[in-house]
1. Select from the stretch 209-240 the residues that are over 30 Å from Phe130 (Cα atoms) and free of Cβ contacts under 8 Å to residues at least 12 places away in the same chain and list them in ascending order.
2. Going by the conditions given, is Lys29 surrounded by fewer than 19 Cβ atoms within 10 Å (Cβ to Cβ), touching a helix residue (DSSP H, G or I) at 6+ places or on another chain (Cβ under 7 Å) and basic (Lys, Arg)?
3. Would you point out the residue of the stretch 137-174, among those that are assigned to a loop (DSSP other than H, G, I, E, B) and aliphatic (A, V, I, L, M), that is surrounded by the fewest Cβ atoms within 10 Å (Cβ to Cβ)?
4. Inside the stretch 85-136, counting only helices (runs of 4 or more DSSP H) that do not spill past its ends, which hold 1 or more residues that are basic (Lys, Arg)?
5. For Ile217, are the conditions met, namely being in the same structural domain as Phe194 (by TED's automatic domain parsing), in a helix (DSSP H, G or I) and surrounded by 16 or more Cβ atoms within 10 Å (Cβ to Cβ)?
6. When the residues of the stretch 34-80 are filtered to those that are hydroxyl-bearing (Ser, Thr, Tyr) and part of a helix (DSSP H, G or I), which remaining residue is surrounded by the most Cβ atoms within 10 Å (Cβ to Cβ)?
7. May I ask you to list pairs of residues, at least six apart or on different chains, whose Cβ atoms are under 7 Å apart, with the first in the stretch 65-79 being free of Cβ contacts under 8 Å to residues at least 40 places away in the same chain and the second being buried (at least 19 other Cβ atoms within 10 Å of the Cβ) and small (Gly, Ala, Ser)?
8. Just to be sure before I move on: is Tyr250 aromatic (Phe, Trp, Tyr), within 28 Å of Ala133 (Cβ to Cβ) and buried (at least 16 other Cβ atoms within 10 Å of the Cβ) in the structure I sent?
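The values are calculated or read from the model by the stated rules, or taken from the named source; none is laboratory data. Computed from a predicted model, the values in this text were never measured in an experiment. With ideal geometry, Cβ positions are generated from the backbone for all residues, glycine too; neighbour counts draw on all protein chains shown.
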Amino acid sequence: MDYQHLLLIALISLIACCTIMALVWLWAKRIKNAGVVDVFWALNFPVIALITFFLSEGFEARRILICSVFIIAELRLGIHLWQRVIGHLHEEEGRYQQLRSEWGEKADRNFFIFFQFQAISNVLLAIPFFIIAANTATEISALEYLGLAVWIIAFLGEMVADRQLAAFKKDPKNKGKVCSTGLWYFSRHPNYFFEWLSWMAYFIFALASPWGILAVISPAIILYLLTKVTGVPNNEEQNLRSKPQAYKEYQKTTSAFFPWFKKS
């Protein structure tokens with residue numbers, strides 16, 4: 001494995017992502033909606049996948065397989081976020097409104113730094129793909145097929161969870177209520193769980209490649225971010241503000257992240 005070549009691919013990916021995020025920041029500044037960063041955080045991954053595919057020197061069939069599933073997953077997430085965020089350009093999400101309020105006159109500068117950190121996180125999380133795409137072994141191993149199977153479960157699970165929540169919110173009868181049907185019956189955040197599971201799938205896939213153990217950094221970071229920083233905490237806080245009593249009851253009976261049976 002040529003580590004200098006891997007670093008070059010990572011550097012090119014970083015330059016591309018930072019440039020995209022700088023342009024997105026200019027747009028966000030003009031429309032006063034920092035929420036667009038979430039959309040392009042997801043859409044940066046297909047850019048990295050394409051760079052990795054064309055510049056890596058690993059077995060072509062493996063590069064096609066891993067880059068294809070990565071592009072499919074992140075395009076789906078990006079389109080889903082696009083519909084949610086871009087469809088409400090004049091309604092900046094509460095967490096970004098809070099940051100804008102706290103930062104005051106420094107908001108534009110701080111958002112620029114924040115956007116650039118998102119670009120850096122894109123490249124850091126892409127470590128599994130740099131490793132996998134450099135693997136020159138000419139056979140797809142059983143471990144890689146296992147990773148693919150886990151990815152299919154995660155992809156379908158996240159897609160179903162997102163659609164169930166969107167359908168619930170679309171029905172005016174559900175205003176002020178908590179979505180607790182379908183996958184949301186077993187977890188308060190099944191979409192986040194399956195997003196994390198997809199990164200676990202990439203880690204499993206990477207284990208078949210030299211130095212694949214390093215890919216554990218991606219699901220570890222995603223798990224931390226989703227459960228401790230931006231995912232679950234922000235969503236819980238927002239739900240407790242908008243429907244405090246109903247959501248408190250939901251919290252008492254339903255697992256926060258990992259799908260599980262209801263608590264008595």
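1. If the condition is that a residue be over 30 Å from Phe130 (Cα atoms) and free of Cβ contacts under 8 Å to residues at least 12 places away in the same chain, then Pro233, Glu237, Leu240 are the ones that fit.
2. yes
3. This residue is Ala137.
4. Fully inside the stretch 85-136 and qualifying: 94-103, 107-125.
5. So Ile217 does not fit the description; no.
6. Going through the qualifying residues, I end up with Thr52.
7. Ile71/Ala49; Glu74/Ala42; Gly78/Ala42
8. no
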